[in-house]
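The values are calculated or read from the model by the stated rules, or taken from the named source; none is laboratory data. Quick caveat, the model's predicted, so the values are computed rather than measured. Heads up, the Cβs are rebuilt from the backbone with ideal geometry, glycines too, and the neighbour counts pull from every protein chain shown. For accessibility, only protein heavy atoms count, side chains too; no ligands or nucleic acids. Shrake-Rupley method; radii C 1.70, N 1.55, O 1.52, S 1.80 Å.
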Amino acid sequence: MPVRILAIETSCDETAAAVIDDGRFIRSNVVASQMELHRRYGGVFPEMASRAHVEAIAPVIDAAMTEAKASWDSLRAVAVTKGPGLPGSLVVGVNAAKGICLARDLPLIGVNHLEGHIYAHWLETTESPAPSAPQVRRVLHSETPFPLLALIISGGHTELVLMHNHGRYQLLGHTVDDAVGEAFDKVARLLGLGYPGGPAVQRAAESGDPRRFQFSRPRVSLGARTVRVANDAYMFSFSGAKTHALRLAQEHGGGNGRPLDRALVNDIAASFQDAVTDWLVEKTARAAEAFDVNAVLVGGGVSANKLLREKMRARFGAAVSFPPLYLCTDNAAMIGAAGYYAFLRGVRDDLAMDVAPDLKLGD
Ligand code: KG4
Ligand code: ZN
């Protein structure tokens, strides 16, 4: 009998549930996206997000159980994201998980969302390696030894984490201002490229010249504040790049809804993306060398970025691991994988567990 876990994730704008066996095998992975709702307003509004979770949560859990052909009796635990995230969104998933645990007398396991992004790399997937890059494979299926280095990059997070063992994390660095996905979203908005910004900036950048504008890089000499950040080996800062993009747009008569020349938009997007991906690769490489890690695990929505993947592969070769795209963005399968290892460690939360919107890794 496998250790079967029902996992629930509602930390931001996806309502997700999954059934995972032995922390590795995905029996079902259901995600109800609120993308369309938030696209209409150009971003995530917490109040709307939590109400959309309320509507979706029961049908999504039901679909996950049905798709997995799992009986309630076959479950050994319920894992749920307890933080970090939007309080009103987290509450919906946590309360659903508690209800199931209470009714079925199952253990409750509260999972850190960031830990989930890391454990996405342990999930068995059917994706075959890209023919154009046969040397790149999923590194963790061969039980790569610790230490491992995780880079978690999304709309809400930019974290560089050293993983010493299952459940043992050391936060090496984080952003001092905007999360990297947030910077992509803001630049897309000021360039009039729409929401979500990452894919839109990537698309515009494909026709742009990344050398037209010089955005700051971690090693170059910058304004007083950024120099400090640049010297702080594993910290990130993206507000400078964002402000630079805004200044360029304004200098050329755009910004605040005024349309810009298409070629200019493409060049700003390309130059911004080139600089930001350099930051990510550079800081990750520094940490990988300093701590002599055996693999680099990249996760979160921004890891979908094509240029970032190319640069990471050029730098780390087969030692860099990217989950398939549907496991990079928020999902419950990754929470089930993390929940399984927590279950093995004996982690059990009681039914009075609160949500932890500001939860850090290592808490
Ligand atoms: O992990 P995720 O789906 O949700 C959370 O924020 O937790 O990440 C979404 C973020 C958004 O900021 C989006 O613009 C960014 O990931 N993103 C990308 C790309 N695809 C999504 N950023 C850069 N390049 C992409 N191709
Ligand atoms: Zn996430």
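A few points about this structure:
- Test for Leu280: is it in a helix (DSSP H, G or I) and under 16 Å from the mean Cα position of the chain (by Cα): yes
- Any hit, the stretch 298-318, residues being at positive phi, at pLDDT below 95 and touching a helix residue (DSSP H, G or I) at 6+ places or on another chain (Cβ under 9 Å): yes
For (1) within 22 Å of Gln170 (Cβ to Cβ); (2) within 13 Å of ligand 1 (Cβ to nearest atom); (3) among the acidic types (Asp, Glu), each residue gets a yes or a no:
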residue: Arg286; (1), (2), (3): yes, no, no
residue: Gly299; (1), (2), (3): yes, yes, no
residue: Val320; (1), (2), (3): yes, no, no
residue: Leu325; (1), (2), (3): no, yes, no
residue: Cys328; (1), (2), (3): no, yes, no
residue: Asn331; (1), (2), (3): no, yes, no
residue: Ala342; (1), (2), (3): yes, no, no
residue: Gly346; (1), (2), (3): yes, no, no
residue: Asp349; (1), (2), (3): no, no, yes
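- Residue pairs whose Cβ atoms lie under 9 Å apart, sitting 6 or more positions apart in sequence or on different chains, and linking a residue in the stretch 184-195 that is assigned by TED's automatic domain parsing to the domain that holds Lys242 to a partner that is modelled with pLDDT of 90 or more and of a type in the set (Lys, Arg), are Lys186/Lys242; Val187/Lys242; Leu190/Lys242; Leu193/Arg203; Tyr195/Arg189.
- Neighbours by Cβ (under 6 Å, 6+ apart or cross-chain): first from the stretch 276-305, free of Cβ contacts under 8 Å to residues at least 12 places away in the same chain; second within 16 Å of ligand 2 (Cβ to nearest atom): none
- A Cβ distance below 9 Å, combined with a sequence gap of six or more or placement on separate chains, defines the contacts here; from the stretch 10-28, residues that are open to solvent by less than 10 Å² (accessible area, probe 1.4 Å) reach residues that are among the acidic types (Asp, Glu) and more than 16 Å from ligand 1 (Cβ to nearest atom) in the pairs Thr15/Glu55; Ala17/Asp62; Val19/Glu67; Ser28/Glu67.
- Of everything in the stretch 179-194 that is surrounded by fewer than 21 Cβ atoms within 10 Å (Cβ to Cβ) and among the charged types (D, E, K, R), the residue that is farthest from Gly240 (Cα to Cα) is Arg189.
- Residue tally, condition more than 21 Å from the chain's Cα centre (by Cα) and hydroxyl-bearing (Ser, Thr, Tyr), over the stretch 52-89: 3
- Among (1) over 17 Å from the mean Cα position of the chain (by Cα); (2) closer than 21 Å to Arg76 by Cα, the one test that Ala319 misses: (2)
- Selection count, the stretch 19-29, where residues are assigned to a strand (DSSP E or B) and over 17 Å from the mean Cα position of the chain (by Cα): 7
- Test: residue in the stretch 325-332 that is in contact with a helix residue (DSSP H, G or I) (Cβ under 7 Å, 6 or more places away or on another chain), among the aliphatic types (A, V, I, L, M), open to solvent by less than 10 Å² (accessible area, probe 1.4 Å) and closer than 30 Å to Ala200 by Cα: yes
- Test: residue in the stretch 102-114 that is open to solvent by 30 Å² or more (accessible area, probe 1.4 Å), more than 12 Å from Gly339 (Cβ to Cβ) and without any contact (Cβ under 8 Å) to a residue 24 or more places away in the chain: yes
- When Thr81 is tested against (1) in a strand (DSSP E or B); (2) free of Cβ contacts under 8 Å to residues at least 60 places away in the same chain; (3) among the polar types (S, T, N, Q), exactly one condition is not met: (2).
- Lone qualifier among Glu289, Glu282 - being under 15 Å from Ile153 (Cβ atoms), surrounded by fewer than 20 Cβ atoms within 10 Å (Cβ to Cβ) and more than 16 Å from ligand 2 (Cβ to nearest atom): Glu282
- Single residue of Thr66, Thr81 found to be at pLDDT 95 or above, among the polar types (S, T, N, Q) and open to solvent by 20 Å² or more (accessible area, probe 1.4 Å): Thr66
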